[in-house]
Amino acid sequence: MPPGTVKALAQRRSHEAALRHHDWIGDVARGCAFERAVARERLYTARVQLSWQPLPLQLIHPFRIAHGTSNVRHNVLVRVDDGVGEAAAVHYHGETPERIVEYLRGVDLSDYGDPAQLEDIVSGLPVGSAAARAGIDIALYDAWGRALGQPLYRLFGLNPERIPLTSFTIPLGSAEEMAERARTTDAPVLKIKLGSEAEDRARVAALRSVTSAPLRVDANGGWTLAGAEALLPELAEHGVELVEQPLPVGDLEGLRRLFQLRSRPPLFADESIKSAADILAHQGLVEGVVIKLAKCGGIRAAWEQITLAHSLGLDVMLGCMIESSVAVTAAAHLAALCQYVDLDGPLLIRNDPFQGVAYERGHLRLSARPGLGLLPAPGTP
């Protein structure tokens, strides 16, 4: 044996043992990138870090619904290590930036050394702000996907080509204003905000006169029972595909009466649905439920609710708040599980700090980049 060979072999074996000790050898043996092995080592040894910052989102047009009008939404950007999440402050769900930040200040993730311990971390979060929990959850899943070098939809075993077309929202306005918005958009599916019974007939008729696109109606709980009983048969005549939240939250008896109408579009509960118990309570009263990450607490909870709804024979619309590409892209990774999609948040704002899910005439396109697949928007520091 040539001089130095024994020493070289010993050094090589020592090196291989060190790799096994750090759990890198599997990655190296399979030819995975060195950077992925380094990321895994950092993932296993560092303490999980949580941070946040304000995320004001400026709307392209004033966004009016039955709950009020917005020109800007003050969300919160959440980071867990190198993962990014978003908490949507929606006042009619009791979520404010102050409440979200107060919740985040009370969360300590330093006991965890691995953000991939998703079940332990998410199930261990304190009760409270669902939006804040969603922000943490989304950031954890993003960090998990980044560490594994795969997009979330692939880790979930889902085919992004099966995502239904998303609708595009036309906010509440005069019949003429709403019809003009419908006429100038090329979106293949339109969601129209209603909620004032005296004008809603004219609004729907005006929109139908300028577009043959499928129409979905969202009353945001703005109708009375009597008004809904009168409007729903007329909406069916206009070919409306479905109606979200016709009555205020909690009016289950009213929904029961609407459900018994012979001529009406399918009914979907939205603001009424925040938990698994809410889904169970609406079985037999609606055809579907609207699930949003900000309402239920993130990706993990949304998947559970989608599964429950389907087990009860309910369709699912996956929706969003006024949110950036962070939260909406996170939802898009689950969208192939759902019958309907309403994920147009980034199309409604002018200062999205990230690039994520892309839009092609209603089709959602997810990249093969790891985690959520986000990139900083051009010009973002």
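Some notes on this structure:
- Neighbour cut-off at most 13 other Cβ (10 Å), DSSP loop, trypsin sites (Lys or Arg not before Pro), region 222-303: 262
- Packing here is the average count of other Cβ atoms within 10 Å per residue, and on that basis the peptides 234-240, 281-287, highest first, run 281-287, 234-240.
- Added length on full extension, which subtracts the Cα-Cα distance from 0.36 nm per residue, residue 69 to residue 176: 36.7 nm
- Full extension of the chain segment joining residue 159 with residue 111 gains 13.8 nm, where the gain is 0.36 nm per residue of separation less the Cα-Cα distance.
- DSSP beta bridges fully contained in the chain are about 50 percent antiparallel.
- If the chain linking residue 202 and residue 91 were pulled fully straight, counting 0.36 nm for each residue of separation and taking away their Cα-Cα distance, it would gain 37.1 nm.
- The rule of thumb for compact globular proteins, 2.2 N^0.38 Å, goes into the C-alpha radius of gyration of region 50-149 1.15 times.
- Neighbours of residue 111, meaning other residues whose beta-carbon lies under 13 angstrom from its beta-carbon, give a summed charge of -2 when Lys and Arg score +1 and Asp and Glu score -1.
- Protection proxy ranking, peptides 160-172, 332-344, average beta carbon neighbours within 10 Å, highest first: 332-344, 160-172
- If the Kirkwood radius is taken over C-alpha pairs of region 114-193, then at 4 °C and 1.567 mPa s the Stokes-Einstein diffusion coefficient equals 80 µm²/s.
- With one equal scatterer per alpha carbon and no solvent term, the Debye-computed log10 I(q)/I(0) for the chain at 0.08 1/Å reads -0.45.
- Gap separating the Cα centres of region 246-299 and region 187-224, nearest whole Å: 19
- Span per principal axis, largest first, for the Cα atoms of region 183-279 (Å): 40, 26, 22
Read the figures in this text as sums done on the coordinates, not as results from a lab. A quick note: this is a predicted structure, and the numbers were derived from the prediction, not measured. Positions of Cβ are generated from backbone atoms using ideal geometry, with glycine treated the same way; all protein chains shown enter the neighbour counts.
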